[in-house]
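Participant: The following block contains the structure, expressed as structure tokens.
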Amino acid sequence: MSAHPSAAAPSVDRLRPRRSCLAVPGSNPRFLEKAQGLAADQVFLDLEDACAPLAKEGARHTIVDALNNGDWTGKTRVVRVNDWTTHWTYRDVITVVEGAGPNLDCVMLPKVQDAQQVIALDLLLTQIEKTMGFEVGRIGIEAQIENARGLVNVDEIAAASPRLETIIFGPADFMASINMKSLVVGEQPPGYPADAYHYILMRILMAARANDLQAIDGPYLQIRNVDGYREVAGRAAALGFDGKWVLHPGQVEAANEVFSPSQEDYDHAELILDAYEWCTSEAGGKKGSAMLGDEMIDEASRKMALVIAGKGRAAGMTRTSKFEPPAA
């Protein structure tokens, strides 16, 4: 079996803004409507944990209607299906993609344990797209790592399909899978003096970046503790994660702020890019490095600045400074 069943996929921008990824129960029409007016970068309509077993079949159709008739302008539209160990997965994918494929950006696959599970979803999506006459390969995949086996196999998972856009940490199931001594999802377990999630987050981040994917942190369940959310989100953002789940409208603003650069950092990044472009030009003397104030900048500086500037531009930030070439 080919590792890349959708190798003929068209070029798609897989690096969409995902600072805030809002979870919405697929069985709740009121929540689905409210989500359309929130400032989340991504909304995922959930058929898995947020839907009771008896509600799943009806929720598929509710989601199709919401995707086709709702106003999701400016948002990445995602549906989380059930994982492959259940009997719901194939029907989740077929009903939703056949019914609303042109209005769907990604399918999120939970509890991914190995690359074959991603490949299976890719193959199913490709068959549906060909059958329905949709653009083959346009719909992306988001893979959620929720247990020890998934983390051990995360490198192969991240390389499994050109449809992949993100690797997501699912803390609740993961904590249970390794017998972590805590009942508060996302918080540090008692008795451990360091960050118990550091290895897990870095492992996911390395696999994502090695395959040009985004890395997304999972939920923080104390939805009224916005300060606690900011602290946990800040740790993931400091490592380099692109965003975090939000479970409540009150968390959206915090996520968007934490995963955006500060105005000062954004301005500085844009100045570095301008200064480097000038110093390497004919007018700037075709130099490989130059000074920006008291700071020496070079090609490595440019690469770092591109990351920050890209995040700022994606967030719609506006510069408040302008580069002036030094006087001759």
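Participant: Given H placed on each backbone N at 1.01 Å, which residues far from Ala290 in sequence or on other chains put an amide H within less than 5 Å of it?
Facilitator: Distant-sequence amide H within range of Ala290: Ile297.
Participant: Okay, next question. If I model a spin label at Thr73 and Leu123 as a point 7 Å from the Cα along the Cα→Cβ vector, what separation in nanometres do I get?
Facilitator: Here the modelled spin labels are 4.2 nm apart.
Participant: For the chain, report the accessible area per residue in Å² (1.4 Å probe, heavy atoms, rounded to an integer).
Facilitator: 46 Å²
Participant: Sticking with this one: What's the extension gain from Arg30 to Ala300 if we count 0.36 nm per residue and subtract their Cα-Cα distance?
Facilitator: 92.3 nm
Participant: Take the alpha carbon gyration tensor of region 182-235, find the square roots of its eigenvalues, order them as a ≥ b ≥ c, and report rounded if a/c is under 1.5; if not, report prolate when a/b exceeds b/c, else oblate.
Facilitator: In terms of gyration-tensor shape, oblate.
Participant: How much length would be gained if the chain were fully extended between Arg209 and Arg235, taking 0.36 nm per residue of separation minus their Cα-Cα distance, in nm to one decimal? The partial results should precede the final answer.
Facilitator: Working: separation 26, 0.36 × 26 = 9.36 nm, distance 1.75 nm.
Taking Arg209 through Arg235 to full extension adds about 7.6 nm, to one decimal.
Participant: Would you tally the net charge around Asp274, using a Cβ to Cβ cut-off of less than 13 Å, leaving Asp274 out, and scoring K and R as +1, D and E as -1?
Facilitator: Working: positive: Arg302, Arg319, Lys322; negative: Asp267, Glu270, Glu277, Glu324.
Net charge in that neighbourhood comes out at -1.
Participant: Can you list the residues, at least 5 places off or on another chain, whose amide H is less than 5 Å from the amide H of Gly140, using H built in the peptide plane?
Facilitator: Under 5 Å from the amide H of Gly140 lie the amide H atoms of Cys106, Val107, each far enough along the sequence or on another chain.
Participant: How large a share of the accessible area of the chain, in percent, is made up of carbon and sulfur atoms when the probe is 1.4 Å and the other protein chains stay in place? Intermediate values should be presented prior to the final figure.
Facilitator: Working: 8290 of 15160 Å².
Carbon and sulfur together cover 55 percent of it.
Participant: Could you pull out every residue, at least 5 positions away or on a different chain, whose amide H is within less than 5 Å of the one on Lys244? Hs are placed 1.01 Å off N in the peptide plane, and Pro or chain starts have none.
Facilitator: Amide H to amide H, under 5 Å and 5 or more residues apart or across chains, Lys244 pairs with Ser20, Cys21, Asp217.
Participant: Report the extension gain between Ile94 and Ala315 in nm, rounded to one decimal, defined as 0.36 nm multiplied by the number of residues separating them, less their alpha carbon distance.
Facilitator: 76.2 nm
Participant: Once phi is turned into θ = phi - 60°, what whole-Hz ³J(HN,Hα) does the Karplus curve with 6.51, -1.76 and 1.60 give for every residue of region 162-173, x standing for Gly and Pro?
Facilitator: x, 6, 4, 10, 9, 10, 10, 8, x, x, 5, 5
Participant: Once a ≥ b ≥ c are taken as the square roots of the eigenvalues of the Cα gyration tensor of region 1-157, is the result rounded (a/c under 1.5), prolate (a/b larger than b/c) or oblate (a/b not larger than b/c)?
Facilitator: On the way: a/c = 1.41, a/b = 1.27, b/c = 1.11.
Since a/c stays below 1.5, the shape of region 1-157 is classed as rounded.
Participant: Kirkwood Rh, the chain, all Cα pairs: how many Å? Write out the running numbers ahead of the final one.
Facilitator: Values: mean 1/r = 0.0476 Å⁻¹.
Evaluated on the chain, it is 21.0 Å.
Participant: Sticking with this structure for a sec: Roughly speaking, what is the centre-to-centre gap between region 224-273 and region 64-128 when only Cα atoms are used, to the nearest Å?
Facilitator: 27 Å
Participant: Report, in degrees rounded to the nearest 10, the 0 to 90 angle that the Cα long axis of helix 226-239 makes with the longest principal axis of the chain.
Facilitator: 60 degrees
Participant: Using alpha carbon coordinates only, what is the Rg to Rh ratio of region 263-315, with Rh defined as the Kirkwood radius?
Facilitator: In region 263-315, Rg relative to Rh is 0.99.
Participant: Give, as a single signed number, the net charge of other residues whose beta carbon lies under 15 Å from the beta carbon of Arg230, with Lys and Arg counted +1 and Asp and Glu -1. Mind dumping the intermediate values first?
Facilitator: Numbers: positive: Arg19, Arg224, Arg235, Lys244; negative: Glu187, Asp217, Asp227, Glu231, Glu253, Glu257.
Residues near Arg230 contribute -2 overall.
Participant: Another question, then. According to a simple spin-label model (label point 7 Å from Cα along Cα-to-Cβ), what is the distance in nm between Thr85 and Arg14?
Facilitator: 2.6 nm
Participant: Would you mind checking the tilt of helix 198-210 against the longest principal axis of the Cα atoms of the chain, expressed as 0 to 90 degrees and rounded to 10?
Facilitator: 80 degrees
Participant: Next up: Across region 190-195, in residue order, what do the Karplus-derived ³J(HN,Hα) couplings come to in whole Hz, using 6.51 cos²θ - 1.76 cosθ + 1.60 with θ = phi - 60° and x for Gly and Pro?
Facilitator: Karplus-based 3J(HN,Hα) across region 190-195 equals x, x, 10, x, 10, 8 Hz.
Participant: Among DSSP bridges having both ends in the chain, what percentage is antiparallel? Round to the nearest 5.
Facilitator: 10 percent
Participant: Moving on to the next point. To test your reading of the geometry: what angle, between 0 and 90 degrees and rounded to tens, separates the Cα axis of helix 263-279 from the longest principal axis of the chain?
Facilitator: Helix 263-279 and the main axis of the chain meet at about 60 degrees.
Participant: I need the peptides 240-251, 271-282 ranked by packing, meaning the mean over residues of other C-beta atoms within 10 angstrom, with the highest value on top.
Facilitator: By packing density, highest mean first, the sequence is 240-251, 271-282.
The values are calculated or read from the model by the stated rules, or taken from the named source; none is laboratory data. Keep in mind it's a predicted model, so treat the numbers as computed, not measured. Cβ: placed from backbone, ideal geometry, glycine included. Neighbour counts: every protein chain shown. Just the protein is used for accessible areas: all its heavy atoms, side chains included, with ligands, DNA and RNA removed. Shrake-Rupley method; radii C 1.70, N 1.55, O 1.52, S 1.80 Å.
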